[in-house]
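Step one of this worksheet: look at the structure below.
The values are calculated or read from the model by the stated rules, or taken from the named source; none is laboratory data. Not measured: the values here are computed from a predicted model. Here the Cβ is made from the backbone with ideal geometry for all residues, glycine too, and neighbour counts use every protein chain on show. When the accessible area is computed, the model is the full protein with side chains, heavy atoms only, and any ligands, DNA or RNA have been set aside. Shrake-Rupley method; radii C 1.70, N 1.55, O 1.52, S 1.80 Å.
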Amino acid sequence: MNTGLFIFDTKARALKEVCAKNGFEVSIYCCGPTVYRDAHVGNLRTFLLGDLIKRTLTYSGYDSRLIQNITDVGHMAEDIAGNEIGEDKLLAQSKAEAIDPFEIARKYEANFHTDLAKLNVIPAAAYPRASETIDLMLKLIADLILSKHAYVGTDGCVYFSATSFESYGEISGNRLDSLKPGHRYDYFEDGAKHFHADWALWKAAENRTEMIWDSPWGPGFPGWHIECSAMSLELLEGNVDLHLGGIDLRFPHHENERAQSNSAVGYEVVENWVHGEHLLFEGRKMSKSAGNVVLLNDVIEKGFDPLALRLCFLENRYRSQMDLTWDSLRAADATLERWRKKLAQWQDQGDIDEQFVRDFCEGSLADIQQDLDTPRALQQLRKLEKDELISGATKLACFVSVDEIYGLEIARAPKVKAEATPEILDLLEKRKLARETKDFPASDNLRDQLLKLGISIKDSPAGQEWDWN
Ligand SMILES: [Zn+2]
């Protein structure tokens with residue numbers, strides 16, 4: 001079943017139409033969070049990509065089924081070459097917070113769902129946890145051993161034999177013959193693997209005592225890549241129309257998943273590999289060491305509507321690297337507020353031109369169906385906002401309709417002044433006093449501070465008046 005939605009497939013390196021192979025719903029798998037910390041705004045950009053696709057399909061009349069995994073075990077730290085080494089991310093965080101690892105996992109999983117709800121993300125059909133899918137993974141690993149795609153190493157770990165999968169590297173272009181062992185390469189597994197690019201499907205527990213399970217190969221825990229194969233094959237019945245993830249997952253995570261899944265079933269499981277690009281913040285890569293990791297809560301604490309983040313992402317193509325800044329968030333927040341005010345005013349202005357609404361909405365959908373060109377569609381929306389020949393009621397109908405794709409809650413009531421935070425009220429009071437004592441430099445400074453918080457001020461003989469930008 002064709003859907004009219006064309007998206008860039010990383011493997012084919014071309015636009016491909018999204019089709020529901022089963023004839024009734026598009027199956028989508030999106031790599032989810034490793035729940036040892038809060039997702040930052042860059043991670044959220046990928047999760048919102050899934051929501052945008054889902055909403056676009058719904059708007060054009062197609063059902064979809066989205067599965068997003070929760071990695072709560074087995075995701076080890078990585079070295080520069082992408083090899084998994086060192087400690088399990090969850091166990092490391094569990095030590096740092098002195099909390100049971102499963103409690104850590106549930107805490108950050110709950111935060112993940114809260115963030116998605118604040119971003120108005122339509123929930124996935126299921127959020128399977130790795131720790132609760134161990135049986136599926138064991139079955140898959142056993143099958144891969146049987147079909148000689150995997151073997152038990154001398155260290156008791158089970159490895160996937162990379163060379164057993166001929167087309168390894170087709171997504172990322174990292175072919176096996178060009179993959180050289182890194183100098184920090186798996187030193188503790190040295191000699192256990194047949195080939196340097198083989199990766200662990202099951203890791204022997206050795207000294208580890210937490211988050212381990214019994215298996216035919218002894219107690220241990222799964223490697224990170226195998227969960228996505230196990231879950232997508234099971235929950236999407238062996239066929240993934242769209243597989244989503246951040247660009248950094250392209251290699252090795254997605255290459256390994258593809259090798260595992262295809263080897264298990266003997267055909268190409270994923271039709272389209274879709275990758276969201278990197279997000280920079282204020283021109284820099286976000287990293288814990290640089291101390292510039294931004295969470296959704298940071299956006300909210302600055303006084304911005306969380307949906308301003310959503311609008312910022314929509315103003316940029318998912319496939320281009322994007323630089324998010326506080327200024328762009330402020331501008332998006334102001335835009336949302338302006339639209340909400342205008343929608344409230346447009347309500348009683350004239351009649352609805354139904355034909356115009358249909359044409360406009362079809363045009364927006366057509367833009368978005370071309371590799372999710374939301375920037376272009378939003379440009380049309382801004383043009384419509386300013387068009388004085390179109391009645392308010394018609395504009396309102398257009399905004400409300402296309403917002404089913406954008407998910408910006410444009411029809412929500414605008415903010416009321418009473419919602420000003422205590423910080424804003426305090427600054428307003430200080431500025432009032434500064435003006436009364438004719439301390440104009442202080443007054444100007446306070447005006448700038450308020451402006452940064454989204455407040456503009458007008459001075460009149462009656463005193464200062466303020467409003468949201
Ligand atoms: Zn994955």
### Message
Counting each pair of different Cα atoms once, what's the Kirkwood radius of region 356-426 in Å, rounded to one decimal?
### Response
13.7
### Task
Pairs of Cα atoms under 8 Å, at least six residues apart: use those to get the relative contact order of the chain, whole percent.
16
### Query
Rounded to the nearest whole Å³, what is the per residue volume of the convex hull around the Cα atoms of region 2-276?
120
### Task
Work out the length of the dipole vector of region 248-299 about its Cα centre, built from +1 on the beta-carbon of each Lys and Arg and -1 on the beta-carbon of each Asp and Glu, and round it to the nearest 20 debye.
220
### Message
Along the Cα→Cβ direction, 7 angstrom out, place labels at Arg284 and Gln370. What is the inter-label distance in nm?
### Response
3.8
#### Entry: Three semi-axes of the equivalent ellipsoid, region 281-406, Cα gyration tensor, whole Å, largest first
31, 17, 10
### Summary
Heavy-atom accessible area of Met211, protein chains in place, probe 1.4 angstrom, given in Å² to nearest 10, is 10
### Summary
Surpassing 28 Å at the alpha-carbon level, of the pairs Lys383/Lys430; Lys302/Lys432; Lys16/Lys54; Lys432/Lys452; Lys395/Lys432, are Lys383/Lys430; Lys395/Lys432
### Segment Ala110-Lys458, length gained on full extension (0.36 nm per residue, minus Cα span)
121.0 nm
### Contour excess over end-to-end distance, with Cα ends at Ala413 and Leu425 and 0.36 nm allotted per residue
2.2 nm
## Note on the structure
Amide H proximity to Ser27 below 5 Å, modelled H, separation 5+ or other chain, gives Lys21, Arg65, Asp241, Leu242
### Task
Among the lysines, select those whose C-alpha is under 28 Å from the C-alpha of Lys89, and discard any that sit fewer than 8 residues away in the same chain.
Lys107, Lys118, Lys139, Lys180, Lys193, Lys203, Lys285, Lys288
### Query
Out of residues 5 or more away from Leu280 or on other chains, whose amide H comes under 5 Å of its own, with H placed 1.01 Å from N in the peptide plane?
Met322, Asp323, Leu324
### Task
Provide the per-residue ³J(HN,Hα) series for region 41-53, in order, calculated from phi with Karplus coefficients 6.51, -1.76, 1.60 and θ = phi - 60°, each as a whole number of Hz, with x at glycine and proline positions.
4, x, 4, 5, 4, 5, 5, 6, 4, x, 5, 4, 5
### Message
I'd like the antiparallel share, as a percent to the nearest 5, of DSSP beta bridges with both residues in the chain.
### Response
55
### Query
Semi-axes of the chain's equivalent ellipsoid from the Cα gyration tensor, sqrt of 5 times each eigenvalue, largest first, rounded to whole Å?
47, 28, 17
### Length released on extending from Gln347 to Glu206, taking residue separation times 0.36 nm less the Cα-Cα span
44.0 nm
### Summary
Restricted to region 1-159, the DSSP antiparallel beta bridge percent, nearest 5, is 55
### Query
How high is the FRET efficiency from Phe195 to Ala12, r the C-beta distance, R0 41 Å, rounded to 0.05?
0.90
### Task
May I ask you to give the average projected area over all directions of the convex hull of the Cα atoms of region 418-468, in nm² rounded to one decimal?
3.3
### Message
Which of the three applies to region 42-182, rounded, prolate or oblate, going by the alpha-carbon gyration tensor with a ≥ b ≥ c and a/c under 1.5 meaning rounded?
### Response
oblate
### Task
Could you order Arg358, Arg340 so the one with the most accessible surface comes first? Probe is 1.4 Å.
Arg358, Arg340
### Query
Going by a ≥ b ≥ c, the root eigenvalues of the Cα gyration tensor, does region 327-394 fall in the rounded group (a/c under 1.5), the prolate group (a/b larger than b/c) or the oblate group?
oblate
### Query
Tell me, what HN-Hα J-couplings in whole Hz come from the Karplus equation 6.51 cos²θ - 1.76 cosθ + 1.60 at θ = phi - 60° for each residue of region 122-127, using x for Gly and Pro?
6, x, 5, 5, 7, 10
### Task
Using a Förster distance of 22 angstrom, determine the FRET efficiency expected from the C-beta separation of Asp298 and Glu97, and round it to 0.05.
0.65
### Summary
For Lys21, counting only aspartates and glutamates whose alpha-carbon sits under 17 Å away and dropping same-chain residues fewer than eight positions off, the answer is Asp9, Asp63, Glu234, Glu237, Asp241, Glu268, Glu271
### Message
For Glu315, what accessible surface area do you get with a 1.4 Å probe? Give it in Å², rounded to 10.
### Response
60
### Message
Can you work out the Karplus-derived ³J(HN,Hα) for every residue in region 161-166? Use 6.51 cos²θ - 1.76 cosθ + 1.60 with θ = phi - 60°, whole Hz, and x for glycine or proline.
### Response
8, 4, 6, 6, 10, 4
